[in-house]
There are 2 protein chains.
Amino acid sequence: MRVYNFSAGPAMLPLAVLERAQSELTDWKGSGMSVVEVSHRGKDFVSCAEQAEVLLREVLAVPDNYKVLFLQGGASAQFDAVPMNLSAPGDVVSFLRTGSWSGKAVAGARRQGLQVEVIADQKDSNYTTVPAPSEYEIAPGSSYLHYTPNETIGGVEFDHIPETGGAPLVADTSSTILSRPLDVSAYGLIYAGAQKNMGPAGLCVVIVRDDLIGKARPATPSVLEYAGMAAADSMLNTPPTFAIYLLGLVLEWIAETGGLAAMGERNQAKAAALYGAIDSSDFYSNPVATNARSWTNVPFLMADPSLDKTFVAEAAQAGLTNLGGHRSVGGMRASIYNAMPAQGVQALIDFMADFERRNG
Amino acid sequence: MRVYNFSAGPAMLPLAVLERAQSELTDWKGSGMSVVEVSHRGKDFVSCAEQAEVLLREVLAVPDNYKVLFLQGGASAQFDAVPMNLSAPGDVVSFLRTGSWSGKAVAGARRQGLQVEVIADQKDSNYTTVPAPSEYEIAPGSSYLHYTPNETIGGVEFDHIPETGGAPLVADTSSTILSRPLDVSAYGLIYAGAQKNMGPAGLCVVIVRDDLIGKARPATPSVLEYAGMAAADSMLNTPPTFAIYLLGLVLEWIAETGGLAAMGERNQAKAAALYGAIDSSDFYSNPVATNARSWTNVPFLMADPSLDKTFVAEAAQAGLTNLGGHRSVGGMRASIYNAMPAQGVQALIDFMADFERRNG
């Protein structure tokens with residue numbers, strides 16, 4: 001009954017996780033209550049949230065001098081919250097712009113009154129490239145440097161971690177977190193919406209170095225203010241309990257399947273297979289520079305865009321869903337997050353070959 | 001296996017709703033995908049969210065000149081968002097303070113630079129009363145009057161709708177929304193966290209009159225800015241899809257069980273039975289003024305507080321869970337929201353009588 005779901009987010013989750021949640025949705029741990037019905041301050045849920053944080057710290061190797069926050073409002077809320085917490089109006093900040101999401105982060109920083117220096121903007125390539133380290137330099141006096149390691153829409157991914165000369169590095173890791181090992185210590189702050197590799201929509205994970213906490217502007221809404229949320233173990237108000245619970249189950253699944261090193265190998269192999277199929281065909285193409293190809297979001301085009309709709313519809317019939325490209329890019333896009341098995345990617349590759357035979 | 005769960009929130013949900021969600025958690029509408037795995041911009045989820053809004057408008061009789069917004073951050077986010085959207089720094093606003101939650105709303109308004117006039121503060125009664133209409137008057141020039149119709153912690157509920165002399169009336173209806181009919185047209189804005197009568201935590205419903213939209217301060221975070229969210233049908237960013245889906249199921253259940261008129265009658269009868277049991281006993285007492293007793297949150301005390309732990313533990317053994325009072329009030333608290341059947345309240349009353357026999 002299940003399909004291979006290539007949605008960019010909310011995205012496919014491990015079936016084992018969904019089945020576990022399903023089995024206990026009316027009776028969690030023999031309590032006679034659903035996990036969505038229990039108080040966030042009761043010992044069962046507090047333990048559930050603590051366990052999710054412990055597992056996240058283990059799986060992602062989060063250093064002890066970083067806080068893990070479970071917030072709401074998605075990564076989009078952080079477009080405002082990061083400036084509110086890390087800077088004062090008028091501060092200089094540096095941004096790398098590689099697509100739609102980094103553009104929205106720029107807009108948030110401007111909304112919060114920052115002097116935004118876009119030190120690299122890949123517009124000339126139609127956002128199909130990332131800048132080389134030699135092509136940009138952090139603006140002097142920057143409170144931080146912000147970038148988007150992977151652009152979900154464009155399928156463009158950095159091949160390096162930007163150098164900041166000591167300023168905090170801030171990253172929107174929504175579409176790559178938990179897809180492979182990450183050196184958290186290279187960052188001042190990372191944030192990520194849950195709905196790709198962590199769980200359902202409605203949860204945003206913020207991992208922030210201790211020394212960056214406690215400098216928020218006085219008018220920062222309490223639910224977005226890091227110091228208060230850190231002091232309250234992210235329960236200053238009622239947290240999104242179901243999403244935190246599912247995150248815990250997803251993390252258990254990652255740990256049981258070999259952790260992030262193994263996950264990274266599987267994801268790299270999936271991406272290599274799909275790009276290989278695209279590159280070996282004259283029928284399909286990927287518009288992104290080779291060094292900037294995303295492991296998680298793979299856009300591909302056909303020479304004749306009038307075939308796009310047929311491709312997407314026939315693929316869905318074959319159990320390969322949500323392959324339509326973003327309207328700003330066109331064509332198709334296959335998002336192949338952690339929960340997409342290699343067999344799903346192979347099924348897509350086989351379908352692509354068959355579609356080419358019939359339409360090429 | 002299921003218990004009667006008296007949690008103040010997240011709270012008991014209708015079993016029929018949970019079982020429906022359970023049955024389709026791995027395969028929603030025959031899609032081969034979970035509702036938590038599908039794109040919020042896909043037609044299936046867009047239709048699901050639209051249907052939830054349509055049902056909410058029908059069930060609550062929301063006038064056409066009000067927008068319904070599905071936001072994140074809980075009611076707590078609105079403590080800042082309401083001032084950000086409805087006022088400029090330095091504006092006068094009037095607040096009625098009847099307990100803990102209205103106090104937090106006051107703090108939010110002050111954080112946003114408002115001149116807060118607390119025109120009634122029930123501190124002298126230890127927050128066991130509501131002010132009579134004759135005891136307060138809106139401060140001249142107020143941008144709005146804010147109150148909390150029901151204080152979840154204190155179990156204190158207004159017996160009237162405050163008069164504002166034409167200024168917008170703003171209400172945090174988290175613990176009473178959908179518990180009975182509501183005259184939405186009396187309000188400029190109501191907001192409510194979902195985790196009592198609407199669904200799981202992680203969703204906040206804001207219902208706001210059209211003329212109050214579009215005046216937000218420039219630095220309002222986009223995910224909290226009403227005009228942008230209204231224009232985007234609450235999908236400026238990824239919404240909390242599972243919570244919206246469950247809200248839709250809860251609304252279907254309300255509609256099928258007679259709508260808010262019938263719901264109000266059932267809730268009133270449940271509350272009357274429980275207060276009746278408390279009042280007819282010398283063993284139990286309720287600290288709240290008779291005219292201010294909450295339909296949804298019923299605190300009760302015993303003369304000997306050393307029995308509280310035993311009561312709560314034995315009640316849980318008997319399948320009556322989460323009856324511990326809030327630490328600021330002590331004793332016990334029974335939250336009897338929509339999903340708590342009359343039989344659950346009767347089981348509690350029976351247990352209370354038995355406990356009194358054994359300990360009185």
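The values are calculated or read from the model by the stated rules, or taken from the named source; none is laboratory data. As the structure is a prediction and not an experimental result, all values here were calculated from the model. Glycine gets a Cβ as well: all are built from the backbone with ideal geometry, and neighbour counts include every protein chain shown. Just the protein is used for accessible areas: all its heavy atoms, side chains included, with ligands, DNA and RNA removed. Shrake-Rupley method; radii C 1.70, N 1.55, O 1.52, S 1.80 Å.
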**Request:** State yes or no: is B:Ala313 assigned to a helix (DSSP H, G or I), open to solvent by 10 Å² or more (accessible area, probe 1.4 Å), within 14 Å of chain A (Cβ to nearest Cβ) and free of Cβ contacts under 8 Å to residues at least 12 places away in the same chain?
**Result:** yes
**Fill in**
Residues of region B:166-221 being within 11 Å of chain A (Cβ to nearest Cβ) and either under 21 Å from the mean Cα position of the chain (by Cα) or under 21 Å from A:Pro200 (Cβ atoms) (or both), in sequence order, are B:Ser174, B:Gly193, B:Ala194, B:Gln195, B:Lys196, B:Gly199, B:Pro200, B:Ala201, B:Gly202, B:Leu203, B:Cys204
**Prompt:** Looking at B:Val92, is it more than 10 Å from every other protein chain (Cβ to nearest Cβ) and of a type outside the set (D, E, K, R)?
**Reply:** yes
**Item:** Residues (in contact with a Pro (Cβ under 6 Å, 6 or more places away or on another chain) and open to solvent by less than 30 Å² (accessible area, probe 1.4 Å)) located in region B:101-127
**Value:** B:Ala109, B:Gln112, B:Leu114, B:Ala120
**Item:** Residue count, region B:255-281 (criterion: touching a Pro at 6+ places or on another chain (Cβ under 9 Å) and of a type in the set (Val, Ile, Thr))
**Value:** 1
**Message:** Being of a type in the set (S, T, N, Q) and part of a loop (DSSP other than H, G, I, E, B) is the requirement here; does B:Asn291 meet it?
**Reply:** no
**Asked** A:Val130: part of a loop (DSSP other than H, G, I, E, B), at pLDDT 95 or above and surrounded by 20 or more Cβ atoms within 10 Å (Cβ to Cβ), yes or no?
**Response** yes
**Prompt:** What number goes with the only condition from (1) within 8 Å of chain B (Cβ to nearest Cβ); (2) open to solvent by 30 Å² or more (accessible area, probe 1.4 Å); (3) modelled with pLDDT of 95 or more that A:Met1 does not pass?
**Reply:** (3)
**Complete:** Flagged in region A:288-300 as open to solvent by less than 50 Å² (accessible area, probe 1.4 Å) and in contact with a Ser or Thr (Cβ under 9 Å, 6 or more places away or on another chain), in numbering order, are A:Val288, A:Ala289, A:Ala292, A:Ser294, A:Thr296, A:Asn297, A:Val298, A:Phe300
**Prompt:** Which condition number does A:Glu256 fail, the rest of (1) within 11 Å of chain B (Cβ to nearest Cβ); (2) of a type in the set (Asp, Glu); (3) surrounded by fewer than 18 Cβ atoms within 10 Å (Cβ to Cβ) being met?
**Reply:** (1)
**Prompt:** Residues in region A:52-67: is at least one within 14 Å of chain B (Cβ to nearest Cβ) and either within 30 Å of B:Asn338 (Cα to Cα) or of a type in the set (A, V, I, L, M) (or both)?
**Reply:** no
**Prompt:** Has region B:160-179 got at least one residue that is more than 28 Å from B:Ala61 (Cα to Cα) and either open to solvent by 40 Å² or more (accessible area, probe 1.4 Å) or not charged (D, E, K, R) (or both)?
**Reply:** no
**Request:** Hey, can you tell me all the residues within region B:235-284 that are polar (S, T, N, Q) and farther than 16 Å from B:Leu15 by Cα?
**Result:** B:Asn237, B:Thr238, B:Thr241, B:Asn267, B:Gln268, B:Ser280, B:Ser281
**Asked** On the given criteria, is A:Gly154 of a type in the set (Gly, Ala, Ser), assigned by TED's automatic domain parsing to the domain that holds A:Leu203 and open to solvent by less than 10 Å² (accessible area, probe 1.4 Å)?
**Response** no
**Pairs, first over 10 Å from A:Pro10 (Cα atoms) and within 12 Å of chain A (Cβ to nearest Cβ) in region B:32-50, second open to solvent by 20 Å² or more (accessible area, probe 1.4 Å) and small (Gly, Ala, Ser), C-beta under 7 Å, six or more apart** = B:Asp44/B:Ser31; B:Phe45/B:Ser39
**Asked** Among the residues of region B:316-356, which ones are open to solvent by less than 10 Å² (accessible area, probe 1.4 Å), assigned to a helix (DSSP H, G or I) and touching a Lys or Arg at 6+ places or on another chain (Cβ under 8 Å)?
**Response** B:Val345
**Prompt:** Yes or no: A:Ser7 in a loop (DSSP other than H, G, I, E, B), more than 28 Å from A:Val118 (Cβ to Cβ), facing another protein chain (nearest Cβ under 8 Å) and more than 20 Å from the chain's Cα centre (by Cα)?
**Reply:** no
**Request:** Being part of a loop (DSSP other than H, G, I, E, B), within 24 Å of A:Ser142 (Cβ to Cβ) and in contact with an Asp or Glu (Cβ under 8 Å, 6 or more places away or on another chain) is the filter here, so list the residues in region A:37-85 that pass it.
**Result:** A:Asn65
**Message:** I need the full set of residues from region B:15-26 which are under 24 Å from B:Glu256 (Cα atoms) and either within 7 Å of chain A (Cβ to nearest Cβ) or open to solvent by less than 10 Å² (accessible area, probe 1.4 Å) (or both), in order please.
**Reply:** B:Leu15, B:Val17, B:Leu18, B:Glu19, B:Ala21, B:Gln22, B:Leu25
**Prompt:** In region B:206-217, is there at least one residue being touching a residue at least 40 places away in the same chain (Cβ under 8 Å), open to solvent by 20 Å² or more (accessible area, probe 1.4 Å), touching a Gly at 6+ places or on another chain (Cβ under 9 Å) and under 21 Å from B:Gln51 (Cα atoms)?
**Reply:** yes
**Message:** Condition first: of a type in the set (Val, Ile, Thr) and free of Cβ contacts under 8 Å to residues at least 24 places away in the same chain. Now tell me which residues in region A:241-258 satisfy that.
**Reply:** A:Thr257
**Asked** in the same structural domain as B:Gly141 (by TED's automatic domain parsing) and surrounded by fewer than 17 Cβ atoms within 10 Å (Cβ to Cβ): does that describe B:Ala88?
**Response** yes
